[in-house]
1. Of the residues A:133, A:114, only one is modelled with pLDDT under 95, surrounded by 17 or more Cβ atoms within 10 Å (Cβ to Cβ) and over 23 Å from the mean Cα position of the chain (by Cα); which?
2. So which residues in the range A:156-168 are within 26 Å of the chain's Cα centre (by Cα) and surrounded by fewer than 15 Cβ atoms within 10 Å (Cβ to Cβ)?
3. Would you check if there is a residue in the range B:43-66 being in a helix (DSSP H, G or I) and closer than 18 Å to residue B:227 by Cα?
4. If I ask for residues that are more than 7 Å from chain B (Cβ to nearest Cβ) and either surrounded by fewer than 24 Cβ atoms within 10 Å (Cβ to Cβ) or in a helix (DSSP H, G or I) (or both), which ones from the range A:244-260 would you list?
5. Working carefully through the options B:109, B:169, find the one that is within 14 Å of another protein chain (Cβ to nearest Cβ) and either touching a helix residue (DSSP H, G or I) at 6+ places or on another chain (Cβ under 7 Å) or part of a helix (DSSP H, G or I) (or both).
6. Here is a check on your reading of the model: is residue A:271 touching a residue at least 24 places away in the same chain (Cβ under 8 Å) and facing another protein chain (nearest Cβ under 10 Å)?
7. Does any residue of the range A:157-166 turn out to be part of a helix (DSSP H, G or I), within 13 Å of chain B (Cβ to nearest Cβ) and at pLDDT below 95?
8. Being surrounded by fewer than 22 Cβ atoms within 10 Å (Cβ to Cβ) and without any contact (Cβ under 8 Å) to a residue 60 or more places away in the chain is the requirement here; does residue B:221 meet it?
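The values are calculated or read from the model by the stated rules, or taken from the named source; none is laboratory data. Note that this is a predicted model, so its numbers are computed, not measured. Cβ placement follows ideal geometry from the backbone for every residue including glycine, while neighbour counts extend to all protein chains displayed.
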C-alpha cells in the first residue's frame, strides 16, 4: 500500500512540472514584452525595468522558467494588473466560492445517482431501468448554462422562491448565503447525476455478468446481499474515478454557471481576466485549476485500494 | 435478456439519435443558404414580438427573427464543430502515428507532454488558448482544435502500438517497403474505425464547448448568431420574452441528446458485452 502510494505520487510529479511548463509557454506565446504584459499599459519605465530583472528576462528561457516556477512554489503568482492585488490570495478567495458549490453538488449527485445506477443495472431492461437511463441521458444532454437559466426562470422569476442573481457569503449571513447557493448547486447536481448514474449502471452491469455473482446467488444469498455486498463493491471503482474527473472538470467549466447566477467564483475570475487581458491572473488561474485537477485525481487514486485492494497489490 | 427479436430493426436510441442529427444537419444546411428573414436585419418596430404566424419563434430585442437566427446559428455551430474536429483529428493522428511508430524516448517524451495537456480539465485549455489567440471564430476553432488534439493522439498511438506487432506490418517491411509507406498504407487505414467513434462524440463536446464559450462572450462575436450567444443575449429579457431563452437552449440540448443516443447505439454495436448498457 505504501509503495503504491509512493509510486502514484512520483508519477504525478512530472505531470505537474509539464503542466507548469505549458502554462508558462502559453503566456510567453503572446507577442510583446512579457514585463509589459504583466504590468499593463500604465506601467512606468522604472517598474518595467525592475520586473524585467526579477523575471530574469535577460537570461535564457529555461532560467526564466526556473525563476517563475520558484516564485510559484513560494506562493508568489504575481500581481493582478486590474486590481493590483496579489494573485494567489485572489484565487484562493474565489476558489472557496466555487469549491463549495462543486463539492456539495458532486457529493449529492453521487449519493443519489450511484444507488439509482446500481438498481437500474439490477433491473436491466425493465421500465424502471429504461426510465432512469432515459432521464439520465436527458439530464446529461442539457448544458448547465441552459439548465441554470430554466431553474432561474421557474424558481426565481415565476415562483419567486429563490433570489435570482447575486451572491452573499455564508460566512456573512448563512441563511441568505444558502438561498443564493441552492440554484447553482441544483444545476450542477442535476447535470452530474446523469453522468454518474450512467457510469454506475454500466460498471454494475459488467460485474453482474461475472461468475462469482452467479455463485453468490447459487449459495442462496438474498438479492440485496448479492447486489450491495458483492456486486456494488467491485462495481464502484470506475464510478469513483469518474467522480474525481467530474470534480476537476467542473472546476474548469464552472464559469458558465457562475455567469448565469452572477457568482464571484474562480471561473468568472478567469473569464473576466481574459476580457481584461490580465495575464498574471490568467496564468495563475490556469495553473491553480490544472494543479487542483491533478491533485484531486491523485487523492482519488490513492483512495482506490479501499474499494479494490488488487490495485495496491499489483 | 437483450431481446434478440429487436435486432432486425435499428435500436430505438439509434433511430431517435439519427433523426435528431439529421434534422440538425438539414437545418444547418438550409440555414447556410436560406433563412425566412435576414438573421441580422434590425426592425425596431417588431421588438420582442411573441411567437406567432409572422415570426414562428418570435423576435429578439432588436426585432430580428429568432427562427432565422437559430437556422443561421446552426450553420455556424456545425461548421465550427466540423472544422475543429477535423483540425484535432489531423493533428492528433499525425502526432499519434509518429509517436507510436517511433517508440522509445521520442514516444515517451511526446506522450508525457500529451498526457500533461490531458490534465487540463474541460474547456480550461481552450480558455487559456483563447486568451492568446483572441476571441473570434478562428480563435475558437484553433483553441478547441488544440485542446482536443491530445485525446486523438492517445487513441491513435494506442492503435499503432497494437498494430505494429502484427504479421501484416512485418510482411510489409519484409517486402522492402519504407517506414513511411507502411505507416500510411497499412497502419493509418486501421485507425479509421476508432477515430470515427471518437470523432462522433467529439463533435458533441466541441458543439457544447463552442456554445459555452459563445455564452461567455468568448466565441463568435455578435451580431453573428450562434446558439450560445443568443442564449447569453436573452438573459436581460428573460422575464418579458421567455422564448428568447427557451429555443436556443432547446436546440443545443436536442443536438446533444441526438449525439449521446447515437454514441450509445454505436458503442452497443461495437461492444456486444455492453449491449443495453446505455
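1. Details: A:114 fails: over 23 Å from the mean Cα position of the chain (by Cα).
Answer to the check: A:133.
2. The answer is A:165, A:166.
3. Looking only at the range B:43-66, we keep the residues that are in a helix (DSSP H, G or I), and these are B:44-46, B:66.
In the following step, the residues that additionally are closer than 18 Å to residue B:227 by Cα were identified as B:66.
Looking through the range B:43-66, at least one residue is in a helix (DSSP H, G or I) and closer than 18 Å to residue B:227 by Cα.
4. Scanning the range A:244-260 gives A:244, A:245, A:246, A:247, A:250, A:257, A:258, A:260.
5. On the way: B:169 fails: within 14 Å of another protein chain (Cβ to nearest Cβ).
Exactly one residue qualifies, and that residue is B:109.
6. no
7. For the range A:157-166, residues part of a helix (DSSP H, G or I), within 13 Å of chain B (Cβ to nearest Cβ) and at pLDDT below 95: present.
8. For residue B:221, the condition - surrounded by fewer than 22 Cβ atoms within 10 Å (Cβ to Cβ) and without any contact (Cβ under 8 Å) to a residue 60 or more places away in the chain - is not met.
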